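The values are calculated or read from the model by the stated rules, or taken from the named source; none is laboratory data. This structure is a prediction, so every number in the text was calculated from the model and none was measured. A quick note on method: Cβ atoms are made from the backbone with ideal geometry, for glycine too, and the neighbour counts reach across all protein chains shown. Ligands, DNA and RNA are excluded from the accessible area calculation, which covers all protein heavy atoms including side chains. Shrake-Rupley method; radii C 1.70, N 1.55, O 1.52, S 1.80 Å.
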Amino acid sequence: MTTPTSEDTASAKSPAPTGSDQPGKKGGFFAATYEELKLVVWPSRQQLFSESIAVILMVSLSAAAIAALSRFYGWAASQVFR
């Protein structure tokens, strides 16, 4: 089951604009932003920690692989262009 998006909730509202929905009103942007933030599914602390560790590991492995390839190509170029 999915959670409703802003498009889903916007279509369920009445077509007459309210004061906070009108463009140019000061509070309209902040009210709309607050409504969008209420729809966000925030991760738990454990999920945030584990996914952060996964990202750090993948970035480290990618950097090590790129560095290894760079050193290999540098060595190969030095062998060819002596």
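If Ile53 satisfies every condition in (1) among the β-branched types (Val, Ile, Thr); (2) open to solvent by less than 90 Å² (accessible area, probe 1.4 Å); (3) at pLDDT below 90 but one, which is the exception?
Among (1) among the β-branched types (Val, Ile, Thr); (2) open to solvent by less than 90 Å² (accessible area, probe 1.4 Å); (3) at pLDDT below 90, Ile53 violates only (3).
Results for (1) of a type in the set (A, V, I, L, M); (2) open to solvent by less than 80 Å² (accessible area, probe 1.4 Å); (3) at pLDDT 60 or above, shown as yes or no for each residue.
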position: Ser20; (1), (2), (3): no, yes, no
position: Phe29; (1), (2), (3): no, no, yes
position: Val41; (1), (2), (3): yes, no, yes
position: Phe49; (1), (2), (3): no, no, yes
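State yes or no: is Glu35 touching a residue at least 12 places away in the same chain (Cβ under 8 Å) and either charged (D, E, K, R) or not in a helix (DSSP H, G or I) (or both)?
In short, yes.
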